[in-house]
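Please read the structure below before turning to the comments.
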Amino acid sequence: MKSQIVAALIVIPALAGCEGASVEKSAPMKSATYYTQNLPEAHEVAKRCKALGAQKQRSLSAGDYQEWQISNEGVNCQTALSVSEAASLREFVLKQSKPQSPVAAPKAAAPSSAVPASQERTEQKVISSQTLAPV
């Protein structure tokens with residue numbers, strides 16, 4: 001009797017764990033770095049996921065929808081959406097920050113504290129060599 005209970009305790013969780021494994025293998029997880037390096041794919045996935053997310057939300061129960069959100073497919077959708085939106089925002093900001101007509105900016109004189117360190121060292125060496133030179 002005890003061996004049957006022990007076997008059931010081992011087999012049932014193993015079977016339950018195998019149920020979701022096939023779903024996870026079908027959609028490999030992709031990182032934000034991956035989508036950043038593959039922006040066209042991120043834009044394509046984001047476009048598809050906007051429609052897919054709305055469709056899933058309408059057709060699934062609240063619990064099933066939350067489960068889909070944490071699946072690889074749901075996480076990939078959210079990651080692609082985030083990267084795509086960030087890239088679009090970055091592009092917009094860069095366009096806004098560029099001047100409309102190129103204007104040459106006047107060159108300001110560097111402050112005295114901006115003298116390169118190597119020039120200061122050379123001057124110190126000259127001064128120190130002068131003080132050590134015999135008269």
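Accessible surface comparison of E73, E67, probe 1.4 Å, protein chains only, largest first: the order is E67, E73.
In the complete set of protein chains, residue-level accessible area for L60 is approximately 60 Å², probe 1.4 angstrom. Efficiency by 1/(1 + (r/R0)^6): what FRET value for T36 and D64, r their Cβ-Cβ distance, R0 = 30 Å, to the nearest 0.05? FRET efficiency, T36 to D64: 0.50.
The values are calculated or read from the model by the stated rules, or taken from the named source; none is laboratory data. All values derive from a computational prediction rather than experimental measurement. Every residue, glycine among them, receives a Cβ derived from its backbone with ideal geometry; neighbour counts consider all protein chains shown. Note: areas computed on protein heavy atoms with side chains; ligands, DNA, RNA excluded. Shrake-Rupley method; radii C 1.70, N 1.55, O 1.52, S 1.80 Å.
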